[in-house]
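Everything on this sheet refers to the single structure shown next.
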Amino acid sequence: MSLRCEVLRTYRRVLLACRRLPAEEQPAGLFQARHAFELNRHLADDGAIRASLAMAHSQLEGLAPVPPPRPPASSSVLSPSPDLSSSPSPSPSPGPTTDPTPIE
């Protein structure tokens, strides 16, 4: 994987981690993440870039796992299906019915 791809992948992971923060902390987290990547935008040396990536990875690992945000109450969530195993099965139909009226 190219170094550019690794930087972009790490940036995406950082932003996703910020989205899992509590709502009141998200704006500050997003600002800090963008600011940190902007400060290192000028880096051209592969070693310095890798060191910055290693630091970002260690900070990501240091974050406590936070469950993903719950969907808003207004979203349409399907209710669980009823347990059909306890309901009686329908009786089989007597078969096709024939209409005695001739078709013209």
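The values are calculated or read from the model by the stated rules, or taken from the named source; none is laboratory data. Keep in mind it's a predicted model, so treat the numbers as computed, not measured. Note that each Cβ is placed from the backbone with ideal geometry, even for glycine, and that neighbours are counted across all protein chains shown. Heavy atoms of the whole protein, side chains included, go into the accessibility calculation; ligands, DNA and RNA do not. Shrake-Rupley method; radii C 1.70, N 1.55, O 1.52, S 1.80 Å.
Some observations on this one:
- Cβ-Cβ FRET estimate between A17 and R50, R0 fixed at 22 Å, reported to 0.05: 0.65
- N40 paired with C5, simple spin-label distance in nm, labels 7 Å along Cα-to-beta-carbon: 1.9
- Annotation: per residue accessible area for the stretch 3-63 equals 74 Å², rounded to a whole number [probe 1.4 Å, protein chains only].
- Neighbours of A44, meaning other residues whose beta-carbon lies under 13 angstrom from its beta-carbon, give a summed charge of +1 when Lys and Arg score +1 and Asp and Glu score -1.
- Where only C-alpha atoms are counted, convex hull volume of the stretch 3-63 per residue in Å³: 65
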